[in-house]
Structures are given as structure tokens and as C-alpha cells.
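The values are calculated or read from the model by the stated rules, or taken from the named source; none is laboratory data. Predicted model only: the values in this text are computed from it and were never measured. For neighbour counting, all protein chains shown are included, and Cβ atoms are generated from backbone atoms with ideal geometry for every residue, glycine included.
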Amino acid sequence: MADLRGHTGTEASAMSGALWLTSAVAAARRGKRALAVERVRDRAAPLAQTTGETNIGRTAFGPTNVALHLVSIALENGRAGEALDLADRIDPTPLASRERRITYALDIARGYALRREPGAALLYLGQAESAGSEEIRYNPGAHDTLRRVYQCARPSMRSQEATAKQPVIAGVLDFDRALWGDPAADWTIRMAAAKDDERKAFWDAYGPRERSPAAAWRARIYEARHLGALRLERHRLGNAEAVRDSYTALAEVLAGLV
């Protein structure tokens with residue numbers, strides 16, 4: 001860091017910011033969460049606003065990478081709910097680095113594994129595998145997440161994993177979480193349908209969704225339930241803006257029920 005002091009310009013700012021992010025993760029792994037968050041928000045984030053999205057020195061430094069590090073820090077401190085809420089606000093499209101896109105998917109998978117939601121965890125492990133199978137094959141974090149999924153998975157899922165020559169990611173649904181007696185009520189289904197991206201592979205294995213008027217009506221009920229849960233989580237995290245946004249989203253869902 002000392003060698004970069006006094007230097008100006010995008011390259012110096014990007015390299016300085018990347019070093020601050022590295023030091024933030026190191027602090028988080030030592031259990032110093034407040035220091036880690038301070039290094040991201042007070043040091044790296046202002047630099048990212050001046051550089052924009054870059055890949056100088058293959059650092060992928062920019063606002064998106066800064067946001068991803070806040071997710072990683074939350075996970076390092078066991079705050080899976082906070083990490084997933086932060087991840088919901090990130091669009092990984094600007095990332096020029098495939099490694100960072102893989103990390104984004106693995107972090108979300110880890111968050112769901114920590115919350116003992118194996119279906120959602122496998123969905124994002126599949127995204128990471130699609131982005132770079134070789135990278136995750138030797139990634140200790142991916143192995144740890146897969147072990148957690150295995151430990152909390154149903155016996156039928158474990159038998160499929162045990163007989164596979166190598167890990168094969170397929171569409172998996174944790175029916176124990178379908179409290180309404182309808183698999184469409186599961187959080188995994190909501191996340192699989194949330195964006196039109198790599199997660200489309202889920203439907204290849206799971207099968208097409210029901211498109212009847214009755215299914216559409218039930219989906220609105222389930223979405224209202226999910227939005228209520230998200231509102232409570234955002235309130236717990238002190239995210240007042242996201243709480244306000246949830247009222248608009250819920251109003252739109254309710255309008256479709258009347």
C-alpha cells in the first residue's frame with residue numbers, strides 16, 4: 001500500500017482498492033468484522049466509485065466486486081441471512097472476471113447451505129459449475145458447501161451423489177419446505193424463476209412449471225408470503241429503503257389477487 005501512496009489515476013486506484021478488499025477479507029477471517037466492513041465501505045468503495053468497473057491487473061475491481069466482498073465478509077462471520085440479502089441486490093453481469101462470477105455463485109450456495117436449504121444451494125453450485133467446472137473441482141470452499149448439502153440432504157439425494165462418477169448438478173427440490181403442500185410454494189422455485197439466466201437449467205431436470213390460471217393464482221399467494229419474509233429480514237438488517245420497496249412489490253402482487 002505504501003508504494004501506491006501519492007499515485008493517482010485509475011490504475012493506482014484500482015490496485016489500491018483491490019488490496020483494501022484483500023485486507024478486509026483477512027480481517028473477517030480473524031473475526032474482526034467491524035474492521036473488515038470499514039475497509040470495504042470507507043476505503044475500497046470510494047475508490048470503486050472513481051474507477052468504475054475495471055479489470056486492471058486482473059483484479060476485477062469496481063463497485064460490483066466491492067459489493068461481492070461484503071457478501072463474503074458476512075459469510076465469514078456466519079451471517080448467512082445478511083449475505084443472501086446483500087447478494088439479492090447484486091447484478092454480476094458487469095464482472096469481467098470469470099473467477100469472480102464463480103465466487104458470486106459459490107458464496108450464494110454457501111449461504112443457502114448454512115441455512116440448511118440444499119435445493120437452493122445446489123442450484124447455485126450448478127451455476128458455478130457451468131461457469132468453470134475445473135475451478136470448482138479443486139476449490140475447498142465448493143467442497144465444504146457440497147459436504148454441508150450432503151449432510152442436510154434427504155437420503156434419496158445422498159444416494160444419487162454417492163453413485164455419481166463426479167458431482168452432477170441437477171434440479172433438486174427440498175419438499176420438506178413446501179409447507180403449503182405444494183412444491184411451487186418452495187423458496188427454491190421462486191429463486192429458480194427470479195431471473196432468466198443460467199438457472200434455467202433447473203427446469204430441464206425438474207420439469208416445466210404448471211401454467212394454469214389456478215397455478216398462477218397460487219403463485220401470487222406464495223410470492224406475497226415470500227415478500228413478507230423478506231421484509232422482516234430487511235427490517236432486521238436495518239435496510240429501510242428495501243423495506244419501503246417491499247410495500248410496492250406486495251401491492252402489485254395483491255392487486256393480481258382481487
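Which ones in segment 184-206 are within 16 Å of A109 (Cβ to Cβ) and part of a loop (DSSP other than H, G, I, E, B)?
Of everything in segment 184-206, those that are within 16 Å of A109 (Cβ to Cβ) and part of a loop (DSSP other than H, G, I, E, B) turn out to be K195, D197.
For residues that are of a type in the set (F, W, Y) and surrounded by 23 or more Cβ atoms within 10 Å (Cβ to Cβ), scanning just segment 98-138, find the one that is nearest to L21 (Cα to Cα).
Y104
Among L84, L95, which is the only one that is in contact (Cβ under 8 Å) with a residue 24 or more places away in the chain, within 13 Å of the chain's Cα centre (by Cα) and crowded, with 19+ Cβ neighbours inside 10 Å?
After applying the criteria, what remains is L84.
Just give me the residues in segment 55-78 being part of a loop (DSSP other than H, G, I, E, B) and modelled with pLDDT under 90, in sequence order.
Of everything in segment 55-78, those that are part of a loop (DSSP other than H, G, I, E, B) and modelled with pLDDT under 90 turn out to be N55, T59, A60, N77, G78.
Are any residues in segment 195-218 touching a residue at least 12 places away in the same chain (Cβ under 8 Å) and among the hydrophobic types (A, V, I, L, M, F, W, C), and if so, which ones?
A201, F202, W203, A205, A215, W217, listed by residue number.
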